[in-house]
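Chemist: Input: one structure, supplied below.
The values are calculated or read from the model by the stated rules, or taken from the named source; none is laboratory data. Source: prediction; values computed, not measured. Methodologically, a virtual Cβ is constructed for each residue, glycine included, from the backbone with ideal geometry; neighbour enumeration extends over all protein chains shown.
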Number of protein chains: 2
Amino acid sequence: MPRYKAIIAYDGTNFNGFQAQPNGRTVQEEIEKTLKKMNNGQTITIFGSGRTDAGVHASGQVIHFDYPEKRDLEKMRFALDTQTPEDIAVKSVEVVPDTFHARYHAIGKTYEFRVDIGKPRSPFRRFYASYYPYPLDLGKIESALKDLLGTHDFTSFCASGSSVDDKIRTIHEASMRVNETGDELIFTFKGDGFLYKMIRILVGTLLKIGNNRLEADAIPEIIAGKDRNLAGPTAHPEGLYLVEVSYD
Amino acid sequence: MPRYKAIIAYDGTNFNGFQAQPNGRTVQEEIEKTLKKMNNGQTITIFGSGRTDAGVHASGQVIHFDYPEKRDLEKMRFALDTQTPEDIAVKSVEVVPDTFHARYHAIGKTYEFRVDIGKPRSPFRRFYASYYPYPLDLGKIESALKDLLGTHDFTSFCASGSSVDDKIRTIHEASMRVNETGDELIFTFKGDGFLYKMIRILVGTLLKIGNNRLEADAIPEIIAGKDRNLAGPTAHPEGLYLVEVSYD
């Protein structure tokens, strides 16, 4: 049976996250429902590169699934894209070796986190950026971002309730830019993987630094302390986007 | 009683247009509800620069209203902004002479119209841009835009059902740009005023020209014909934004 890899985007606003679960609408269930229809009522299971939480968006989530037929790839993409609900888009579909696994073979992930810093909050971004109306020293944030680079034990930036033992991760890029109109911050984080709610806690901590409630050089100490209480609050999910998943 | 002018923004998705009416939620009613609360239960009527249809957005709609007290302007703005629902934002408030009228004294309006031309349609823009997945010759559109400039009888670009007699309007700017990522067209129209659904019919016609189903030089003939049937279809409301209203 051919294995397909697809790159998908979704507006997380009306999903209770990516992964199928007893309560609420999920991305996985909507795609599996569509695949089942395309496959004459036979269930097809999809595997994502990882879950995303309720309200979190994706512009480049990767999934894989096995489908009994070899189909024209653009037709397959178009069918999946148009038959899934409007808050899911299917950007590309390709055939991969049947050893490919969207989750286990992912070697890197890129996330963006958007913060609306305008006054007032833009009604157009209320589901697409977190809101932060307080003063920010962007120079302090820039300086703190550098301390995140490299390989560290990120226990302090992992939400309690995570079942992962190894909390060592490598961050290759941690950067920030301001949008054209000067009313939005866009953080980019690239790494080999991220812990549960790690990006949101990183952003909450960076904003606390920018707002002068933590020192610009606070990050190394927070990392060294291996204690979630040392870091800042968890930023809201609506600012977070899974942008890219990379494979060998 | 002091008269206030306010610049407001709203996400039109969940409104049945700007103006109060028997059916559905409107921007006017939500703001009047808030002002009534602020004014100890006494009704205050607001006047907009003009109506916008269901699904149409505004980043710079102007309203005026009389409020019995002289209040600190930033406090007034903040109260209105935070007490109205999240899909309405109040950007600025100022006191104006009590002869000022948001509608009758408007001398110009600027609209933008956004068209998602990406494949697939972005799930993040499904309420914020119209979708056009067909081939477009942007050079033809650029050329046609020039023919809209100046003073013309725009009967051909006015939806039937309009009660306006004088259909002569002046367009000062008609331009188009492509966004950074190349998957969105942004049209800008600036003029002394626009007829009912005029911008949406202009865009529908320009897209038809770009798609080679009308000649690049079709606009002067369509204008001369004074017949709605000569122009293209009415583009969807979700791409339209009232961006600015100007006064003397």
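Chemist: Does region A:227-236 contain any residue that is surrounded by fewer than 18 Cβ atoms within 10 Å (Cβ to Cβ), assigned to a helix (DSSP H, G or I) and in contact with a Cys (Cβ under 9 Å, 6 or more places away or on another chain)?
Modeler: yes
Chemist: Among A:R126, A:R121, which is the only one that is in the same structural domain as A:D217 (by TED's automatic domain parsing), crowded, with 20+ Cβ neighbours inside 10 Å and either farther than 29 Å from A:A9 by Cα or modelled with pLDDT of 95 or more (or both)?
Modeler: After ruling out the rest, the residue left standing is A:R121.
Chemist: Right, something else. Can you find, within region A:1-43, the residue that is nearest to the other protein chains (Cβ to nearest Cβ) among those that are touching a helix residue (DSSP H, G or I) at 6+ places or on another chain (Cβ under 8 Å), in a loop (DSSP other than H, G, I, E, B) and farther than 23 Å from A:K75 by Cβ?
Modeler: Filtering first and then ranking leaves A:D11.
Chemist: So, in region A:63-86, of the ones that are surrounded by 16 or more Cβ atoms within 10 Å (Cβ to Cβ) and more than 14 Å from chain B (Cβ to nearest Cβ), which residue ends up nearest to A:E32 (Cα to Cα)?
Modeler: Per the criteria, the residue is A:F65.
Chemist: Quickly run through region B:81-99 and pick out the residues that are part of a loop (DSSP other than H, G, I, E, B) and either in the same structural domain as B:H172 (by TED's automatic domain parsing) or over 22 Å from the mean Cα position of the chain (by Cα) (or both).
Modeler: Residues satisfying the conditions are B:P97, B:D98, B:T99.
Chemist: Does region B:87-96 contain any residue that is modelled with pLDDT under 95 and within 14 Å of chain A (Cβ to nearest Cβ)?
Modeler: Within region B:87-96 (the criterion being modelled with pLDDT under 95 and within 14 Å of chain A (Cβ to nearest Cβ)), the answer is no, since none of the residues qualifies.
Chemist: Residue check: is B:I201 surrounded by 17 or more Cβ atoms within 10 Å (Cβ to Cβ) and in the same structural domain as B:G161 (by TED's automatic domain parsing)?
Modeler: So B:I201 fits the description; yes.
Chemist: Quick one: would you say A:G55 is under 27 Å from A:G204 (Cβ atoms), more than 9 Å from chain B (Cβ to nearest Cβ) and in a loop (DSSP other than H, G, I, E, B)?
Modeler: Considered against the rule, which asks whether it is under 27 Å from A:G204 (Cβ atoms), more than 9 Å from chain B (Cβ to nearest Cβ) and in a loop (DSSP other than H, G, I, E, B), A:G55 comes out as yes.
Chemist: Evaluate region B:137-147: report whether one residue or more is in a loop (DSSP other than H, G, I, E, B), within 30 Å of A:Q83 (Cα to Cα) and modelled with pLDDT of 95 or more.
Modeler: So far as region B:137-147 goes, yes, one or more of its residues are in a loop (DSSP other than H, G, I, E, B), within 30 Å of A:Q83 (Cα to Cα) and modelled with pLDDT of 95 or more.
Chemist: Given the condition surrounded by fewer than 17 Cβ atoms within 10 Å (Cβ to Cβ), more than 23 Å from A:R126 (Cα to Cα) and touching a residue at least 40 places away in the same chain (Cβ under 8 Å), answer yes or no: does some residue in region B:107-116 qualify?
Modeler: Yes, region B:107-116 contains at least one residue that is surrounded by fewer than 17 Cβ atoms within 10 Å (Cβ to Cβ), more than 23 Å from A:R126 (Cα to Cα) and touching a residue at least 40 places away in the same chain (Cβ under 8 Å).
Chemist: Given the structure, is B:S143 buried (at least 21 other Cβ atoms within 10 Å of the Cβ), assigned by TED's automatic domain parsing to the domain that holds B:F187, among the polar types (S, T, N, Q) and out of contact with any Ser or Thr (no Cβ under 9 Å at 6 or more places or on another chain)?
Modeler: no
Rundown of residues vs (1) under 11 Å from B:I88 (Cβ atoms); (2) modelled with pLDDT under 95, yes/no style:
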position	(1), (2)
B:P2	no, no
B:Q28	yes, no
B:T34	yes, no
B:Q42	no, no
B:E69	no, yes
B:L73	no, no
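Chemist: I'd like the full set of residues that are within 14 Å of another protein chain (Cβ to nearest Cβ), of a type in the set (F, W, Y) and not in a helix (DSSP H, G or I), limited to region B:102-133.
Modeler: Result: B:F127, B:Y128, B:Y131.
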